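The values are calculated or read from the model by the stated rules, or taken from the named source; none is laboratory data. It should be emphasised that the depicted structure is a prediction, and the values quoted were computed from it without experimental measurement. Note: ideal-geometry Cβ built from the backbone for every residue, glycine included; neighbour counts use all protein chains shown.
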Amino acid sequence: MTDILLIALAMSLLYMSIANRLYTYLRILILQGIILFGATYLTLTNLNIINLLLIMLETIVFKAFAVPWFMNYIIKRNKITREAEPYLPNFVSLIIVTMIIVSAIILSSSIKDQNLDKTFFVVALSMLFTGLYMIVSRKKIITHVIGYLVIENGVFVLSLAVGNEMPMLVNLGIMLDIFASVLILGIFFNKIGDVINDPDVNILSHLKD
Amino acid sequence: MLGIFLIGTLIISSLLFFNKNKWVNYSLVGLFVVILWIFGIYEYQHQNLTQFIFFKSDSLGLLLLLALCFIAAPVLFHAFRYIEAHNVDETPHSRGLFFAAMVLLIAACCAAYLSNHIAVTWFFVEITTLSASALIYHHRNIRALEGVWKYVFICAISITFIYIGILFLSLALKGAGVEDMSFDSIREHYDKLNLFWLKLSFLFIFTGFTAKLGLVPMYTAGIDAKDKAPAPAGALLASGLMNLGFIGIYRMYAVMAHTPLHSWANTVIVIAALLSVFVATVYMTRIKNIKRMFAYSGIEHMGLVMLGLAAGGIGVYAAILHIVLHTLIKPALFLQFNQVYWVFQSKSIYDVGNYFKYNKTGAIVVFLGFLSATGMPPSGLFISEFMIFQSLFQAHYILILLGVMLLLTMIIWGFGSNIFKLLFTPPISIDESKIPHISPWESLTQYILLATSVYLAYNPPAGFVTLIQDAVKLIQ
C-alpha cells in the first residue's frame, strides 16, 4: 500500500510538469499532502501515538490545507495571472521530469544497502530534482515557492524512510516545514504584494554587479 | 549558564521588540552585551563542559564564540549610531525590531558554535536565517525586499540540503548501529560508518553550509544580504554568520578526515574553494559598489580558509587563525563604511573620492583595513595566508598555489584601485557644504579591531594558540 502511495506521488510530478494553471499546481500540492498523510500513517508504525498524531496533524494541516489555501489567497489578492509561464514547452518539461525519475531509479539500483527502502529513495530524489527544475524553469516567484514546497515534500518522504528508528529526524523535518512556510509565505510573501504589484521574478533582478 | 544566556536573550529580544522607549531599548542592548561577555568568559573557564546534552564548549566553538563576543560590542555600538544619526525615518517599532533581530542573531550564532549535535546546529542555523532576514529588510524598500527574498529563498534551500545531509548521515550511522548523532559519537564510530551514505551526506551538508560560509555554489545570497542590510548588520553577517558556516563544515570534515574518504572530501573542498577565489576575483576587478566589494572580499578569504583546510598540515592551524582574524578585520571595514556613506551619500565608486580630505581618521581606517583585508604586512592575515601557501606547497598543490597567487594579485589590484580612488582621487561632483563633521572617536573601535588582529597574529597569547591547537586535533 505504501508503495502505491509513493508511486502516486511520483506520478503527481509528471502531472505537475505539464500543468498550465497555478490552481492545478495548488491542487497537486493538496494531493501530495494527503498522500503524505496516508504514507505517514502506514510507514511510521513504531512511533508512540502522540508523536505520530503530531506528525500526521502537521502533514494534513500544513501540507494539504494551510499552505495551499494561503497561496490561493495570495494569488487572488495580488491578482497574479493564472498562467504558470514556463520558459520551456510542457512537452520538454514532461520529458525532463521523466528523465529525472528514470535516473533516480537507475541511481538507486546501484545502491546495495539493506537499511533503506529504495522506493522511498527514488521518489524522494525525483521530487527533489523536479522541485529544483521547477524553480529554474518557471518565471513567477510563486511557482518558485511551489517548487520549493515540492522539494520539501520530497525531503519528508526521505525522512519517513528513516523515521521508525529516528523519530527525531521526522520531527526536525516538520520544523523545517513550518519554519519555511512561515518565513516564505507568512511574513514575506504578504509583503511582496504591498511593495510591488506584479510578483514577476523579473522585478527582483536588479541586485547584481 | 547556557540556559540563562538563551533565556536572557529571549527575554531581552522580546522586550526590545515590544518596548517603545528609546533609552530602555539602548539599556537592554547594553545589558545583552554584558550577559554575552559573562557567558563568553564562563565558557572559557569551563572548557569541554557538556551542557544540556547537546552543547559542549570545545576549543573551536570557544574561539569563534570569543571572537563574536569581541566584535559584538562595537557592532552594537555602531548599530546604535546608525539608528541615531543615519536613518531619519526610523520608528520605535523598526528600531526595536532591528535590535531584537541583532540580539537574536548573535545569540543563535553563539549557541550554534557550541552545539555538539548536527541537528541542534541546524536548528540554530534556521534561527539565524530568520533574524538575518529581519535585518536585511530593515529599510523596507523594493531593493531590500529583493535582497531579503533572495536570501530567504536560498537559505531555505540550503537548510533543506543540510537536512537531507542529516538524513543521509543517519543512514550511514544506521549500518553501524549508532543512534547518537552528536559529533563526538560520530567521530568515535568513524570506522563503522557506511561510506556511500557518508559521502552523500557530506556533499549535501557542505553545499548547504556554503550559503552561510559564502562559498561557491551558494554564495550569492550572502552578497545581496550584506549589500542591502544596514552596515552594522552587514558586519555581523560578514563575520559571525560566516563563521557559523565554517564551524558546520569543519565539524563534518573532522569526521571525514578519519575515514578513507578524506582525500575525496579534500577534492570537493578544493574545487569549491578555487571556484570561490575565482568568482571573487572576477567580481572584485570590475565591481563599482564598495559594500559589495567588501562582501566579495569575504568570499575570497573563505576560499583561502578552505584551501588551508584541504591542504592539511599547518594549513588547518592557518585556516582557523585566518577565520578568527577575518572576524576582526571585516567588521572594521563594514563599520567604517557607514561614515563613507554619511560623507558621500552613495555606495558607488563613481560618486566618491578624496576621502582623506573629508574624514582623516576614517580614511586611515579604510587604508589600514585595505592592507589588512588584502593580507599585506603588517596585516595579521599576512601570517595566516603565508602559512596557507606553505601548506599548499607542502601538500604538492603547486599548480593550485600558483593559480591562487595569480588570482590574489588581481584581487589586490581591483580592491586597491577602488580604495585609492575613494581615498585620493577628487570626486566628480560633491557639495562640500553638506558633508557632516564626523568625530574621530567614531573610528576608535575600528582601530581597536584592526590592532587586535595584528597583535593576535604576530604575538599570539599562549591561551589563544592552545585553543587553535586543540581545534586542529579534531582533524589530525
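When the residues of the stretch A:123-153 are filtered to those that are outside any helix (DSSP H, G or I) and out of contact with any Ser or Thr (no Cβ under 9 Å at 6 or more places or on another chain), which remaining residue is nearest to the other protein chains (Cβ to nearest Cβ)? Only one residue fits best here, namely A:Arg138.
Of the residues in the stretch A:163-183, how many are at the interface with chain B (Cβ under 7 Å from one of its Cβ atoms), part of a helix (DSSP H, G or I) and not aliphatic (A, V, I, L, M)? So the answer is 2. Per the listing A:Phe189, A:Phe156, A:Phe120, the residue uniquely closer than 22 Å to A:Phe62 by Cα, modelled with pLDDT under 80 and in a helix (DSSP H, G or I) is A:Phe189. Could you list, in sequence order, all residues of the stretch B:114-130 that are within 11 Å of chain A (Cβ to nearest Cβ) and closer than 22 Å to B:Ala100 by Cβ? Within the stretch B:114-130, B:Phe123, B:Val125, B:Glu126, B:Ile127, B:Thr129, B:Leu130 qualify.
Screening the candidates B:Phe420, B:Phe386 for the property of being under 25 Å from the mean Cα position of the chain (by Cα) and either part of a helix (DSSP H, G or I) or at negative phi (or both) yields one hit, B:Phe386. Only one entry of B:Gly353, B:Gly362 meets the criterion of being assigned by TED's automatic domain parsing to the domain that holds B:Gly315, over 30 Å from B:Gly313 (Cα atoms), assigned to a loop (DSSP other than H, G, I, E, B) and not polar (S, T, N, Q), and that entry is B:Gly353.
Exactly one residue among B:Leu105, B:Leu64, B:Leu76 is over 21 Å from B:Ile448 (Cβ atoms) and modelled with pLDDT of 90 or more, and that residue is B:Leu105. Condition test on B:Trp197, is it within 11 Å of chain A (Cβ to nearest Cβ), buried (at least 22 other Cβ atoms within 10 Å of the Cβ) and within 21 Å of the chain's Cα centre (by Cα)? Considered against the rule, which asks whether it is within 11 Å of chain A (Cβ to nearest Cβ), buried (at least 22 other Cβ atoms within 10 Å of the Cβ) and within 21 Å of the chain's Cα centre (by Cα), B:Trp197 comes out as no. Taking the stretch B:134-174 as the range and being among the polar types (S, T, N, Q) and more than 7 Å from chain A (Cβ to nearest Cβ) as the test, the residues that pass are B:Asn141, B:Ser158. Could you go through the stretch B:251-274 and let me know if any residue there is touching a Ser or Thr at 6+ places or on another chain (Cβ under 9 Å), in contact (Cβ under 8 Å) with a residue 60 or more places away in the chain and not in a helix (DSSP H, G or I). Scanning the stretch B:251-274 turns up no residue that is touching a Ser or Thr at 6+ places or on another chain (Cβ under 9 Å), in contact (Cβ under 8 Å) with a residue 60 or more places away in the chain and not in a helix (DSSP H, G or I). Can you confirm whether the stretch B:74-94 contains a residue that is outside the structural domain of B:Ile323 (by TED's automatic domain parsing), farther than 18 Å from B:Pro230 by Cβ and either of a type in the set (Phe, Trp, Tyr) or not in a helix (DSSP H, G or I) (or both)? There is no residue in the stretch B:74-94 that is outside the structural domain of B:Ile323 (by TED's automatic domain parsing), farther than 18 Å from B:Pro230 by Cβ and either of a type in the set (Phe, Trp, Tyr) or not in a helix (DSSP H, G or I) (or both).
Close Cβ contacts (under 7 Å, 6 or more residues apart or on different chains) running from residues in the stretch A:38-55 that are without any contact (Cβ under 8 Å) to a residue 60 or more places away in the chain to residues that are among the hydrophobic types (A, V, I, L, M, F, W, C) and loosely packed, with under 15 Cβ neighbours inside 10 Å comprise A:Leu42/A:Met1. Just to confirm my filter: which helices (runs of 4 or more DSSP H) fall fully inside the stretch B:129-229 and include at least 2 residues that are within 24 Å of A:Ile146 (Cα to Cα)? Of the helices (runs of 4 or more DSSP H) lying wholly inside the stretch B:129-229, those with at least 2 residues that are within 24 Å of A:Ile146 (Cα to Cα) span B:142-176, B:195-213, B:220-228. Every condition in (1) buried (at least 21 other Cβ atoms within 10 Å of the Cβ); (2) farther than 21 Å from A:Val170 by Cα; (3) touching a residue at least 40 places away in the same chain (Cβ under 8 Å) holds for B:Gly165 except the one numbered (2).
Within the stretch B:1-13, the presence of a residue that is surrounded by fewer than 16 Cβ atoms within 10 Å (Cβ to Cβ) and of a type in the set (S, T, N, Q) is excluded.
Residue-wise test of (1) crowded, with 24+ Cβ neighbours inside 10 Å; (2) out of contact with any His (no Cβ under 7 Å at 6 or more places or on another chain); (3) touching a residue at least 40 places away in the same chain (Cβ under 8 Å).
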| site | (1), (2), (3) |
| --- | --- |
| B:Ala108 | yes, yes, no |
| B:Glu126 | no, yes, no |
| B:His139 | no, yes, yes |
| B:Cys155 | yes, yes, yes |
| B:Leu169 | yes, yes, yes |
| B:Gly177 | no, yes, no |
| B:His189 | no, yes, no |
